[in-house]
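K.L.:
Shown below is the structure under consideration.
The values are calculated or read from the model by the stated rules, or taken from the named source; none is laboratory data. The shown structure was predicted, so the numbers you read here are calculated from the model rather than taken from an experiment. Methodologically, a virtual Cβ is constructed for each residue, glycine included, from the backbone with ideal geometry; neighbour enumeration extends over all protein chains shown.
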Amino acid sequence: MRIAGIETEYGIADPNNPQANPILMSSRLVEACRTWAGENTARWDYGGEDPLQDQRGHRRERAQAHPSMLTDEAEFDENVGAVSLRKRRGSWEDPAHLNAVLPNGSRFYVDHAHPEYSGPEVRAARDAVVWDTAGDAIALAALAQYRETEGLDLALYKNNVDGKGASYGTHENFLVRRDLDFDQLGRWLTPHLVTRQVLVGAGRVGLGQRGEGAGFQISQRADYMEAEVGLETTLRRPIINTRDEPHAERSRWRRLHVIIGDANCFEMATFLKIGTTALVLSAIEAEDERLDSLVLADAVPAVQTVSHDITLRAAIPLESGEQATALEVQRALLAICRDYAEDAADHTLLAHWERILDALSIDPFSAARDVEWVAKLALLGRLRERNATRHDDGSTELLEWSDARLAALDVQWSRLGDGWAAKLTAAGQVSRLTDDMEVAEAMKRAPRDTRAALRGRLIAARPDLVDAAGWSSVVIDRDTDHGNLEVIHLDDPHASTHPLIDALATQTL
């Protein structure tokens with residue numbers, strides 16, 4: 001499979017102090033993560049970041065960019081402004097408590113007042129699940145360290161909505177060919193991104209960005225999508241993000257940055273989210289013209305239409321003038337993607353894709369072990385029935401969707417460690433693709449078949465040499481006077497060996 005990776009911003013709260021500063025909590029949690037990892041962490045190298053370059057061939061003027069876009073310059077929070085300068089190679093200093101690059105090739109850091117885990121590059125959908133699950137375990141380990149160090153409690157949530165109008169992201173990244181026309185990529189990929197939520201949505205109580213409408217919907221992110229194509233990620237969020245920051249050899253590769261997806265607590269959802277999108281990208285790279293028949297007439301309203309329809313029967317207009325349901329679009333994509341399966345792992349993915357589409361078509365609740373929004377809806381349904389009003393005439397009035405108890409359960413669903421999703425998983429009611437042993441190993445070790453192995457191996461073996469690390473670089477300092485930084489470029493995400501790094505990692509301290 002193509003190179004891919006997942007980034008997750010966690011919701012964070014102090015159960016005993018609702019007014020606690022999230023930036024301060026997040027930075028202390030990252031410090032706790034560094035303590036948990038011992039000496040085996042590194043700073044982040046921002047040298048490869050280029051947040052204003054657009055995939056469509058132009059660059060946003062810095063003066064016209066919203067401050068939240070300047071990820072190469074300052075940590076920004078809209079309530080308090082820039083909170084810490086963070087350029088690494090130059091005159092600014094990056095405070096250590098904002099970043100930890102870990103031996104498993106990941107990055108744990110503060111992003112927009114949230115702790116974020118950016119998983120290492122992987123080459124298989126199942127590996128994406130393993131290292132994403134490991135990220136949750138690392139966040140919990142940091143939380144345990146925080147409790148021990150600070151004597152205080154925090155709660156982390158793997159969700160995308162705070163219930164007050166704010167949304168934070170779970171982003172996917174896919175390596176695609178540079179010679180692929182970007183406009184065509186967006187045109188053909190959009191139908192999948194709009195309709196895959198029936199498979200991988202996490203479910204949400206409330207309709208509208210502030211939950212002003214009563215009800216339940218399939219996706220946490222759908223109501224926050226406001227544009228079809230765009231450079232932004234925190235305002236006017238687009239279905240197709242155009243940020244051109246490949247973290248690889250620019251002449252050969254693009255990095256497709258997908259921001260429409262939900263944070264998933266179910267492993268099968270993560271597996272399908274990465275695997276189906278990777279196969280659709282293969283069809284796009286092959287310029288499969290069958291994709292033309294699935295192009296949507298108006299993608300932005302279609303996102304909300306699909307998300308708000310838990311019956312899965314709503315039809316969305318296609319550019320051709322015809323209409324199709326989300327399930328019909330997904331079945332058409334499945335049929336196309338069969339031609340691009342290359343190995344047993346791809347065929348396993350296709351089998352799960354088809355099986356779950358079949359279940360959703362017949363009885364959505366039969367897919368509750370695999371589809372997160374269905375499982376959440378079932379649990380909420382039981383709460384509504386248990387608290388229903390029984391009338392003298394024998395009729396029953398279910399708990400209203402506007403009831404605060406339902407919104408509270410929605411939030412607690414995603415709490416790391418002891419939320420409802422975690423409880424259902426522990427009770428064997430959720431499909432798992434990983435086991436605890438391999439997740440524990442993935443907390444400490446990077447994937448062996450991508451450049452994450454180089455980054456992780458050097459940080460683990462020679463933390464004394466690593467000054468900073470990024471996705472496509474490692475900055476080392478072999479000078480005892482600490483005045484001569486060397487940048488090792490890692491422009492090929494597929495490369496898991498490098499002469500200098502391999503030699504340095506095997507040297508004894």
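K.L.:
Can you find even one residue in the range 449-472 that is at positive phi and loosely packed, with under 13 Cβ neighbours inside 10 Å?
P.N.:
We begin by selecting, within the range 449-472, every residue at positive phi; these are none.
The answer is no, given that none of the residues of the range 449-472 is at positive phi and loosely packed, with under 13 Cβ neighbours inside 10 Å.
K.L.:
If I filter the range 454-479 down to residues being assigned to a loop (DSSP other than H, G, I, E, B) and among the basic types (K, R), which single residue comes out as modelled with the highest pLDDT?
P.N.:
For the range 454-479, the residue satisfying everything is R462.
K.L.:
Right, something else. List, please: which pairs have Cβ atoms under 7 Å, are six or more places apart or on different chains, and start with a residue in the range 492-505 that is farther than 14 Å from P463 by Cα and end with one that is among the aliphatic types (A, V, I, L, M) and in a helix (DSSP H, G or I)?
P.N.:
S496/A453; S496/L454; H498/L454
K.L.:
Which one of these does L256 not meet: (1) assigned to a helix (DSSP H, G or I); (2) closer than 15 Å to G169 by Cβ?
P.N.:
Just one mismatch for L256, condition (1).
K.L.:
With the condition kept exactly as written, say whether any residue in the range 91-104 is touching a helix residue (DSSP H, G or I) at 6+ places or on another chain (Cβ under 9 Å), under 26 Å from V258 (Cα atoms), surrounded by fewer than 23 Cβ atoms within 10 Å (Cβ to Cβ) and modelled with pLDDT under 95.
P.N.:
There is at least one residue in the range 91-104 that is touching a helix residue (DSSP H, G or I) at 6+ places or on another chain (Cβ under 9 Å), under 26 Å from V258 (Cα atoms), surrounded by fewer than 23 Cβ atoms within 10 Å (Cβ to Cβ) and modelled with pLDDT under 95.
K.L.:
Taking the range 1-58 as the search range and keeping residues that are in a loop (DSSP other than H, G, I, E, B) and of a type in the set (D, E, K, R), which one is surrounded by the fewest Cβ atoms within 10 Å (Cβ to Cβ)? Quick ask: steps written out before the conclusion?
P.N.:
Narrowing the range 1-58 to residues in a loop (DSSP other than H, G, I, E, B): 1-3, 10, 14-21, 38-41, 45, 49-52, 55-58.
Subset that is of a type in the set (D, E, K, R): 2, 14, 39, 45, 49-50, 56.
On the way: R2: 20, D14: 16, E39: 10, D45: 24, E49: 19, D50: 15, R56: 12.
Step by step, filter the range 1-58, then rank; the result is E39.
K.L.:
Examine the range 158-166 for a residue that is touching a strand residue (DSSP E or B) at 6+ places or on another chain (Cβ under 6 Å), in contact (Cβ under 8 Å) with a residue 60 or more places away in the chain and more than 29 Å from W413 (Cα to Cα), and state whether such a residue exists.
P.N.:
no
K.L.:
Give the range 116-143 a look and list any residue that's in a loop (DSSP other than H, G, I, E, B) and surrounded by fewer than 24 Cβ atoms within 10 Å (Cβ to Cβ), or say none.
P.N.:
Looking only at the range 116-143, we keep the residues that are in a loop (DSSP other than H, G, I, E, B), and these are 119-121, 123-124.
Once the filter is applied, which keeps residues that are in a loop (DSSP other than H, G, I, E, B) and surrounded by fewer than 24 Cβ atoms within 10 Å (Cβ to Cβ), the range 116-143 yields R123, A124.
K.L.:
Within the range 442-450, does at least one residue satisfy the condition of being within 22 Å of G275 (Cα to Cα), among the hydroxyl-bearing types (S, T, Y) and in a helix (DSSP H, G or I)?
P.N.:
No, the range 442-450 contains no residue that is within 22 Å of G275 (Cα to Cα), among the hydroxyl-bearing types (S, T, Y) and in a helix (DSSP H, G or I).
K.L.:
Determine the pairs where a residue that is touching a residue at least 12 places away in the same chain (Cβ under 8 Å), located within the range 322-337, has a partner that is of a type in the set (D, E) and not in a loop (DSSP other than H, G, I, E, B) with Cβ atoms under 9 Å apart, the partner being 6 or more residues away or on another chain.
P.N.:
R331/E354; L334/E354; C337/D346
K.L.:
Identify the residue in the range 144-156 that is of a type outside the set (A, V, I, L, M) and assigned to a loop (DSSP other than H, G, I, E, B) and, among all such residues, is nearest to A202 (Cα to Cα). Lay out the reasoning, then the answer.
P.N.:
Restricting attention to the range 144-156, the residues satisfying the condition of being of a type outside the set (A, V, I, L, M) are 145-151, 153.
Among the residues that remain, those that are also assigned to a loop (DSSP other than H, G, I, E, B) are: 151, 153.
Details: G151: 32, D153: 26 Å.
The residue in question is D153.
K.L.:
Taking the range 411-431 only, how many residues are in a helix (DSSP H, G or I), over 21 Å from the mean Cα position of the chain (by Cα) and either surrounded by fewer than 19 Cβ atoms within 10 Å (Cβ to Cβ) or modelled with pLDDT under 95 (or both)?
P.N.:
So in the range 411-431, the residues in a helix (DSSP H, G or I) come out as 411-413, 420-426.
Checking the rest, the ones that are also over 21 Å from the mean Cα position of the chain (by Cα) come to 423-424, 426.
Now restrict to residues that are either surrounded by fewer than 19 Cβ atoms within 10 Å (Cβ to Cβ) or modelled with pLDDT under 95 (or both): 423, 426.
So the answer is 2.
K.L.:
Out of D223, D179, I need the residue that is among the acidic types (D, E) and in contact with a Leu (Cβ under 8 Å, 6 or more places away or on another chain). Which one?
P.N.:
Numbers: D179 fails: in contact with a Leu (Cβ under 8 Å, 6 or more places away or on another chain).
None of the other options fit; the residue is D223.
K.L.:
Right, here's the next one. Taking the range 173-187, which residues are surrounded by 22 or more Cβ atoms within 10 Å (Cβ to Cβ) and closer than 21 Å to A326 by Cβ?
P.N.:
G186
K.L.:
Pairs only if they're at least six apart or on different chains, beta carbon under 6 angstrom, first in the range 226-247 and at pLDDT below 90, second of a type in the set (D, E) and assigned to a loop (DSSP other than H, G, I, E, B); list them, first residue then second.
P.N.:
Close Cβ pairs (under 6 Å, with a partner that is of a type in the set (D, E) and assigned to a loop (DSSP other than H, G, I, E, B)) amount to R236/E226.
K.L.:
Of the numbered conditions (1) among the hydrophobic types (A, V, I, L, M, F, W, C); (2) part of a loop (DSSP other than H, G, I, E, B); (3) surrounded by 22 or more Cβ atoms within 10 Å (Cβ to Cβ), V205 satisfies every one except a single condition; which is it?
P.N.:
Of (1) among the hydrophobic types (A, V, I, L, M, F, W, C); (2) part of a loop (DSSP other than H, G, I, E, B); (3) surrounded by 22 or more Cβ atoms within 10 Å (Cβ to Cβ), only one is false for V205: (2).
K.L.:
Identify, by number, the condition in (1) touching a helix residue (DSSP H, G or I) at 6+ places or on another chain (Cβ under 8 Å); (2) at pLDDT below 95; (3) not acidic (D, E) that H482 doesn't meet.
P.N.:
Condition not satisfied by H482: (1).
K.L.:
So, one more: Going through the range 157-167 one residue at a time, which ones are in a strand (DSSP E or B) and touching a Gly at 6+ places or on another chain (Cβ under 7 Å)?
P.N.:
Of the residues in the range 157-167, the ones in a strand (DSSP E or B) are 157, 161, 167.
Passing the criteria: only Y157.
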